[in-house]
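The values are calculated or read from the model by the stated rules, or taken from the named source; none is laboratory data. Just so it is clear, the structure is predicted and the values come from calculations on it, not from any experiment. Quick reminder, even Gly has a Cβ in these numbers, built from the backbone with ideal geometry, and neighbours come from all protein chains shown.
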């Protein structure tokens, strides 16, 4: 036999061996990726980036059990090979020196290592103490299977809706805005709109830093000679402003008036899209008492409501010149232009966030800039799976998977059927939203503080919650309150926790995310987590099994099987609660293929897991075609693309709240915010992110290149304010609100430039917790807090102090 | 010349599965092996690593193929001066 024949036979023998069930299960759980390839000893595979909601695809290179290289995935539709500075360094996020590698229990004030067996026992006992007082605080950085497991554990197992995610802080108002307008959540359009729009209007966000790859997609068109008008509408100048044709700086909260001002002019000029509105829209206003669906009003009532919002009045409220408001209205009046609006935290982190979101949709609907590629109102998400995990899996205190709500008997029945649990298992009573959950946790039990334990996964609330010294800190002095934290690194939250559980990160586990354009993406585990760090989903399932073994009835389904049983009828149970066997099967696939059964009823159809293995994501609804292929949907509600719009119809808003196939155009009045500058606190304080750091900086501060770029937080001041106060660039100043004080270096004329009377502080720095200063007031519908505006003052520190 | 051992998982639909097998059997670079249920062992032999990668990616695109798993890749006689 010659050498090549020997090699062929050896390859065939290996492939044949891999056909056997044992190896098949192992390989499909660990690495069934069709994209796997080996080049120069480096094994490459696909994954979505760990960081933001854009959902860029990366190629991950692994050698000797470590991630050694990251490349942009040239075949990915989202990013076409490009990454941002965080994405290029995402592999380094796994290798900070202080990874959590062992469970830790606080004893006598100190965190001490314990075994996983002990840790699971502690968690189970905290549940059994009083299941109704046990809560999970999760995350838009959970993978889809992780969030689904947590949701099923709580709602299908403990009969409790005390589960809420950190996405309550970032996306909840976008959700209520979509529901109030279309009757169903998430954007109608997709990133393809950015490739087709003639005008891009950016409302209260800074995509040049926060969604840089998407922003690059538009700027790249300009560099190729295309004309794209960029309008930046915000409360301060940012890097985005530098690229804008027009920058409109408005007084905080007056974005409500601006949107109304545009619509006032559309009607005054008779320039609204009469035919589109007449055939596809209805009108709404706030009801009394207020409800998310409001009340129906007539077109004439809508017109009369907008009468006060003349350009002059809006200019007075907002500080934006009347001519700019007229320019905006002229653009929206032009049906030959394609206009995309994008927004993120400005309209969402807003005590009138639901209102503002509905107004942004209303401007597009009234002007007819909807439903054609390039005509879209689209909220972008910050977290990689706020859409996929929180909004779609329903890990909110009122929600069920697939867009259901716990208050709807039919939705509860569907959940009980899919989970195979007895009728009545799913509670109809919503749990506490995030701010209320933490308030109750920080309130003594004898004073109504009925949450005794919170299990936090994949988030850092002691840094990210607003007014953190009121919502989190008091709980640490209450001896019967217990804080469990699953995370990858020490954080502000692990440092005050009672029990810390080490977690696997990103490609250290199988996973799936859902990004801002409804694209669900999948990846396989590529490296092992360090030490005893384990998947968050395993932790949840292992606790469920511990409860099951203790006889807790909720951990059995109606047939008496374990709630997270994997094995099928007549097949042996796979002990996935035992870490040694967790990857015997693909638990992600099992959970996902169960979860996707929920997704039909609100037309958010997902394909089988195997389809996402093959693809670089698919945009739902994904519907199987007669030839067996799975087809994604780019443009919902539009007859030319959405499979759920009947043939011959141009549009159909098939979840219409007015039950007539129409979207709702809302009137929402301008209202002042709950806290405004006054003599004592004369500044507006806004908080947010920077390009180089991801949220609370847990991952990025440990990546040397990113840390060196922006090593610490600062307060941006306007040059005139600084001069008036005698503050020099870089000088340490004291920033104060009614809730707290913080010393920060001043940055004047930096990358962000607030107008006079405004300040900005990024929240990534755990040594400088700006959320000790922020307000926990929230939107009445979404319960999302407002991080963008509260009253503050700046005081010079003693030069020698 | 890289030699790869692969396992394909085929879809359940009989017609698509037949079409996939037919497509695979016509490619001289592919040697089909044993099939057990919906899984098929095969070996590919290409001139360059780049061709090996392209061939693997084209197999995924075949309608009757649900999944491709790379079991082994031997490039012990590849000259890394060649274009990958």
List every residue pair whose Cβ atoms sit under 8 Å apart, with the two residues 6 or more apart in sequence or on different chains, where the first one lies in the range A:13-25 and is within 9 Å of another protein chain (Cβ to nearest Cβ) and farther than 15 Å from residue B:74 by Cβ and the second, anywhere, is modelled with pLDDT of 65 or more and part of a loop (DSSP other than H, G, I, E, B). A:24/A:18
Among the residues that make up the range A:671-685, is at least one of them closer than 30 Å to residue A:181 by Cβ, at pLDDT below 95 and within 14 Å of another protein chain (Cβ to nearest Cβ)? no
Matching strands (runs of 3 or more DSSP E) fully within the range A:264-363 where at least 2 residues are under 30 Å from residue A:760 (Cα atoms): A:339-343
What do you reckon, is residue A:458 modelled with pLDDT of 95 or more, at positive phi and surrounded by 19 or more Cβ atoms within 10 Å (Cβ to Cβ)? yes
State which residue is farthest from the chain's Cα centre (by Cα) when the search covers only the range A:57-80 and only residues that are over 12 Å from residue A:46 (Cα atoms) and assigned to a loop (DSSP other than H, G, I, E, B). A:64
Expected single match for modelled with pLDDT under 95, surrounded by fewer than 20 Cβ atoms within 10 Å (Cβ to Cβ) and either within 14 Å of chain B (Cβ to nearest Cβ) or more than 27 Å from residue A:344 (Cα to Cα) (or both) among A:46, A:80, A:63 is A:63
Would you pick out the residues in the range B:13-28 that are touching a strand residue (DSSP E or B) at 6+ places or on another chain (Cβ under 8 Å) and surrounded by fewer than 15 Cβ atoms within 10 Å (Cβ to Cβ)? B:25
One residue is enough: does the range A:93-100 have a residue meeting the conditions within 30 Å of residue B:72 (Cα to Cα) and either part of a strand (DSSP E or B) or out of contact with any strand residue (DSSP E or B) (no Cβ under 8 Å at 6 or more places or on another chain) (or both)? yes
Go through the range A:574-607 and count every residue that is out of contact with any helix residue (DSSP H, G or I) (no Cβ under 6 Å at 6 or more places or on another chain) and within 14 Å of chain B (Cβ to nearest Cβ). 1
Could you list all residues from the range A:630-665 that are over 25 Å from the mean Cα position of the chain (by Cα) and within 30 Å of residue A:251 (Cα to Cα)? A:665
Go through the range B:23-43 and give me each residue that's closer than 22 Å to residue A:8 by Cβ and more than 9 Å from chain A (Cβ to nearest Cβ). B:23, B:24, B:25, B:26, B:27, B:28, B:29, B:30, B:32
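Only one of A:474, A:479, A:490, A:502 is out of contact with any helix residue (DSSP H, G or I) (no Cβ under 7 Å at 6 or more places or on another chain), more than 30 Å from residue A:598 (Cα to Cα) and in a strand (DSSP E or B). Can you tell me which?
Only one candidate passes the filter, namely A:502.
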It is to be established whether one or more residues within the range B:60-70 are under 18 Å from residue A:19 (Cβ atoms), at pLDDT 90 or above and either buried (at least 18 other Cβ atoms within 10 Å of the Cβ) or within 8 Å of another protein chain (Cβ to nearest Cβ) (or both). no
Return only the number of the condition from (1) free of Cβ contacts under 8 Å to residues at least 60 places away in the same chain; (2) crowded, with 18+ Cβ neighbours inside 10 Å; (3) farther than 27 Å from residue A:187 by Cα that residue A:444 does not satisfy. (2)
Count of residues meeting criterion [more than 11 Å from chain A (Cβ to nearest Cβ) and outside any loop (DSSP other than H, G, I, E, B)] in the range B:44-54: 1
Just checking: which of the strands (runs of 3 or more DSSP E) contained wholly in the range A:726-771 hold 3 or more residues that are without any contact (Cβ under 8 Å) to a residue 60 or more places away in the chain and surrounded by fewer than 20 Cβ atoms within 10 Å (Cβ to Cβ)? A:741-748
